[in-house]
Every structure is written in structure tokens, then in C-alpha cells.
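The values are calculated or read from the model by the stated rules, or taken from the named source; none is laboratory data. Remember, it's a predicted structure, so these values are computed and weren't measured experimentally. With ideal geometry, Cβ positions are generated from the backbone for all residues, glycine too; neighbour counts draw on all protein chains shown.
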Amino acid sequence: MAPVAPADYGSVAFYPAAAAAAAAQAQPNLPPAPIVAQNLRDHSLEEMNLNVLRRYVPTIQSYIAMAHNATLFTWNLSSETGGWEETGVKGPFFVCIQEQRLSPTGHLVPRACVFLLNRSSPENAVFDLATIAQCELTEVQQPMGEVSKGQPLGELLKGKLLSAVTDSGEGLGFFIDLEKAQETWDAFSTMWHSVRVAGQG
């Protein structure tokens, strides 16, 4: 049982009419409880996510976008069929802002990365956005590859492909759920452009 507060004999609690008027006047100034609860939940979830991300990459300061479901593919031309191959890394996908680094000329340079937190193993995928040479978001019109059960990917998932090519020529594909694909891409492309321009300056 919650502790009982000491009585306040000067309070309007002993005057029903005054209490009702005071309550009616104060009520509009109070935010709806569901919104407050939602904000608290969102804040707690964000802090929890950041704690997990920083455990692997301590330089992460915040994240500006998150897709709940993403799958990492790599582009493989050496196999018989070629094309996209699933890596087995799948889970929530974060676009992260990192601590700035000091350039050789003494200027602070922005840094950002994408972090795919693997649900099935501790082998996560982290990519420095400064190393991405090209990127785009495309609709997936046909299966990209075969998954473990032998069913085409297109029959199992609905989403968009955020594809990227690194400076070393590695092809990366992040298959992202439709609900968050555009929002994630907007954050990705904005941060990518920012760090690439800063790195070339």
C-alpha cells in the first residue's frame, strides 16, 4: 500500500466545490497520460539501444534512424550464379552518429556508421559511411537470392534494398522492411553525404 500523505488542512480538498473548480482549471494543462507513457517508453528504449551499440562501438553518440528488421547481403560475382547472397546477419539496423575525429590539418571531421545488430549471433555488421562510394534505395521486383528453406527471398519478405558499394569495390545490400525503409534511407543518405564531403575537404 502506498504511504498516506499528511493531511493539508488548508487544502481545497475539504471544500468540494472549490476542489472541483480547481481540478477543472488544472486538467487542460496536463498532457494526456498515454503520451507521457509513450515518451518515457521511447526514451528508455533509445537509452537501452545506445548502451548496446556502445558496448561494441564506444564512439557512437546517438542514432538518427532505426529499422526493426534488416538483412545483410553481399554481391558475389565469383559464384556460378552470381548476384546477391545472404550473409546470415539480420536484425535491427541503426544509422549512427559517432564522435568527431581530428583531421591531419587540425579540423574536426564528422563520423557516422551503420550498425546491423545480429539477432542470431554476436557477429554484428558495422560499416563506416566514409568508406561508401555509392549508394541507392531500390524496390525489389524479384527474388534476390535463396534463403535457408529454399524459398525465394521475395516470397518471404516485403521491403526495399539499400545497396552500397565501398571504396574497395565491395557490394553491400541491406534489405529493410517497408515501414522504415524510406526513413532509414533518408537518414543514411544525409549522413553519408555529410561525411563524404567532409572527408574530401
Inset, instruction - Mind counting the residues in region 129-140 that are in a strand (DSSP E or B) and more than 21 Å from residue 167 (Cα to Cα)? - result: 1
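For region 48-128, which strands (runs of 3 or more DSSP E) that fit wholly inside it have 3 or more residues that are touching a residue at least 60 places away in the same chain (Cβ under 8 Å)?
In region 48-128, 60-76, 83-102, 108-116 are the strands (runs of 3 or more DSSP E) which contain 3 or more residues that are touching a residue at least 60 places away in the same chain (Cβ under 8 Å).
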Legend entry - Unmet requirement for residue 79, which otherwise passes all of (1) surrounded by fewer than 11 Cβ atoms within 10 Å (Cβ to Cβ); (2) at pLDDT below 60; (3) outside the structural domain of residue 176 (by TED's automatic domain parsing): (3)
